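Read through the structure below, which is laid out as structure tokens, and then see the notes.
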There are 4 protein chains.
Amino acid sequence: MKKILKLFENDRFAALSNIEVVDISPGKAITRMEVSDMHLNSIGTVHGGALFTLSDFTFALAANSHGTVTVAINANISYLKAATKGVLTAKARELSVGGRIASYTVDVYDESNDLICVFQGMAYRKRDKISDMVDYSD
Amino acid sequence: MKKILKLFENDRFAALSNIEVVDISPGKAITRMEVSDMHLNSIGTVHGGALFTLSDFTFALAANSHGTVTVAINANISYLKAATKGVLTAKARELSVGGRIASYTVDVYDESNDLICVFQGMAYRKRDKISDMVDYSD
Amino acid sequence: MKKILKLFENDRFAALSNIEVVDISPGKAITRMEVSDMHLNSIGTVHGGALFTLSDFTFALAANSHGTVTVAINANISYLKAATKGVLTAKARELSVGGRIASYTVDVYDESNDLICVFQGMAYRKRDKISDMVDYSD
Amino acid sequence: MKKILKLFENDRFAALSNIEVVDISPGKAITRMEVSDMHLNSIGTVHGGALFTLSDFTFALAANSHGTVTVAINANISYLKAATKGVLTAKARELSVGGRIASYTVDVYDESNDLICVFQGMAYRKRDKISDMVDYSD
């Protein structure tokens with residue numbers, strides 16, 4: 001898990017969005033993002049792109065949690081409720097994994113535990129192992 | 001069109017991603033994003049979240065191009081080819097508009113004119129007019 | 001609920017697919033489909049179209065369960081495991097409802113309780129009431 | 001191409017839906033479906049499941065057109081306009097193919113050339129060749 005987290009430390013787009021990892025275990029991941037001005041769109045609600053980035057990053061953590069390098073091939077997001085402030089929590093869970101394709105659902109909640117968006121992601125599992133990609137020297 | 005562009009100037013998440021508007025006309029929009037380090041994920045390719053943000057912003061421009069405030073309700077993105085550098089161009093076109101729901105496709109190309117991702121977005125049209133939302137005083 | 005079921009009795013495509021309603025309550029629906037030769041594609045597994053029809057019908061039941069006429073505007077289905085025989089059970093649940101848009105997830109299981117596919121559907125709620133559409137005379 | 005068509009002749013769900021193949025070439029396919037009572041839902045418009053089956057079948061033809069066995073892993077459909085009668089035409093085109101994953105768009109038009117729905121499908125390419133699957137003896 002440490003190696004996986006190390007890999008994701010390099011993820012500048014997630015860092016830029018101010019996303020923090022709360023928990024990661026095989027097939028699962030939880031993250032959080034405190035809404036700030038930079039996440040808001042022109043009508044004052046959290047940007048679809050910011051919600052997607054939060055969901056997508058959490059999906060990637062869960063998809064890579066088995067130590068195999070994966071890449072996203074498709075994602076679908078449905079926006080259910082507008083968010084404007086507070087901390088958003090994203091929870092990814094694995095629906096299936098087997099062979100080259102794995103599938104995940106991510107639910108994003110606000111502080112009232114209302115569902116803000118649902119994300120469905122499919123990943124392609126490459127032959128590479130994450131342990132081979134991380135440089136131990138630093 | 002000026003009012004619509006003015007509205008989107010407030011879009012901090014798009015600005016953060018370094019997205020520029022190339023063209024906007026009724027039902028259409030074109031944008032560009034020069035790939036830099038901040039867009040890259042941990043395996044050195046453009047982040048799914050960055051490609052989504054580019055597509056989603058272009059979709060929003062096209063969806064709001066008629067002067068009616070719209071909000072995204074669903075988006076689907078398929079990643080076709082990994083991008084690593086250069087300028088990406090996103091082109092949004094309207095598939096249907098009528099009543100409360102409108103639908104758009106966004107194609108993102110790299111400099112070799114290869115398709116990087118396709119995005120399908122649905123928008124809900126509110127009763128508000130964009131012209132009522134922009135403050136002329138500033 | 002009787003009126004809603006009456007409305008769906010006219011659904012010839014679902015009838016053709018041999019789908020039975022197990023349960024319907026506000027925001028929820030459960031159906032079943034016994035796999036037979038007509039559901040199989042050319043490689044002997046249950047046709048994507050048959051799985052979609054099962055999911056979509058169950059989504060429609062849940063979406064119409066409040067007595068307001070709804071129409072599907074978008075659907076996304078991810079195929080997780082090939083099904084070849086036995087009874088498939090579809091369970092729809094409401095993720096959000098409010099204003100004109102409602103959102104649902106449908107999970108389809110085989111007899112081993114393995115997830116065969118997940119379906120995400122969005123519906124547009126019209127102004128019509130189902131009670132006004134059903135003819136009591138027959 | 002003959003072998004591919006032969007394979008799809010066994011597709012009972014498509015046959016049941018009264019779908020005809022108009023044309024098939026590498027990466028492309030065109031089909032048609034004449035709307036009849038069986039395709040209509042309880043409010044008298046063409047069933048989402050029928051439109052999906054038409055799109056999905058056309059996608060499968062295009063995806064298998066290269067002679068490699070493929071299976072659908074994800075599909076997204078957006079409904080743009082209600083159809084009630086006449087002949088619907090579905091056109092599938094390949095967006096990308098390479099390695100194990102291929103991606104397709106299907107547009108469905110009515111007789112007025114209005115877009116009824118758009119379908120985005122992803123396929124996984126297996127190692128099997130279609131030529132090995134078809135029995136020449138019959």
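Values computed for the structure shown
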{"item": "In order through region B:119-125: 3J(HN,Hα) via Karplus (6.51 cos²θ - 1.76 cosθ + 1.60), integer Hz, x for Gly, Pro", "result": "10, 10, x, 10, 10, 9, 8"}
{"item": "Euclidean distance between Cα centres, region A:21-58 to region C:48-89, Å", "result": "29"}
{"item": "Efficiency of FRET from Cβ geometry, C:S25 and A:A15, R₀ 35 Å, rounded to 0.05", "result": "0.20"}
{"item": "Cα convex hull of the protein assembly as shown - mean projected area over all directions, nm²", "result": "26.1"}
{"item": "Inter-chain Cβ neighbour average for residues A:37-48, partner chain, 10 Å", "result": "6"}
{"item": "Label-point gap, in nm, between B:A82 and C:L115 - each point 7 angstrom along Cα→Cβ", "result": "2.7"}
{"item": "Interchain or long-range residues, amide H under 5 Å from A:L95's placed H", "result": "A:S103, A:Y104, A:T105"}
{"item": "CD proxy at 222 nm, helix term only [per DSSP H run n ≥ 4: -39500 (n - 2.57); per residue of chain B; nearest 500]", "result": "-6500 deg cm²/dmol"}
{"item": "In sequence order, calculated HN-Hα J values of region D:27-33 (Karplus, 6.51, -1.76, 1.60; Hz; x Gly/Pro)", "result": "x, 9, 7, 10, 9, 9, 9"}
{"item": "Residue-wise HN-Hα coupling along region A:87-98, computed from phi with Karplus coefficients 6.51, -1.76, 1.60 (Hz; x: Gly, Pro)", "result": "9, 9, 10, 10, 10, 9, 9, 7, 8, 7, 8, x"}
{"item": "Closest Cβ on chain D to the rotation axis that carries it onto A (distance rounded to whole Å)", "result": "D:N74, 2"}
{"item": "Other-copy label distances relative to D:R127, 7 angstrom Cα-Cβ extension, nm", "result": "1.2, 6.1, 6.2"}
{"item": "Region C:2-130: relative contact order as a whole-number percent, Cα under 8 Å and 6+ apart", "result": "27"}
{"item": "Full-extension gain in nm, B:H66 to B:S36, via 0.36 nm per residue minus C-alpha separation", "result": "7.6 nm"}
{"item": "Unit Cα scatterers, Debye sum, chain B: log10 I(q)/I(0) for q = 0.10, 0.12, 0.16 Å⁻¹", "result": "-0.32, -0.45, -0.78"}
{"item": "Distant-in-sequence amide H partners of A:V118 (H built 1.01 Å from N, under 5 Å)", "result": "A:S78, A:L80"}
{"item": "Inter-copy separations for B:A15, label at 7 Å along Cα-Cβ, nm, ascending", "result": "2.3, 6.0, 6.3"}
{"item": "Angle between chain A longest axis and helix A:48-64 axis [Cα atoms, degrees, rounded to 10]", "result": "20"}
{"item": "Förster radius 30 Å - calculated FRET efficiency between B:K2 and B:D128, Cβ distance, rounded to 0.05", "result": "0.95"}
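The numbers here are math on the coordinates, done by the rules we state, and not lab data. Since the model is a prediction, treat every value here as computed from it, not as a measurement. Backbone-built Cβ (ideal geometry, glycine too); neighbour counts: all protein chains shown.
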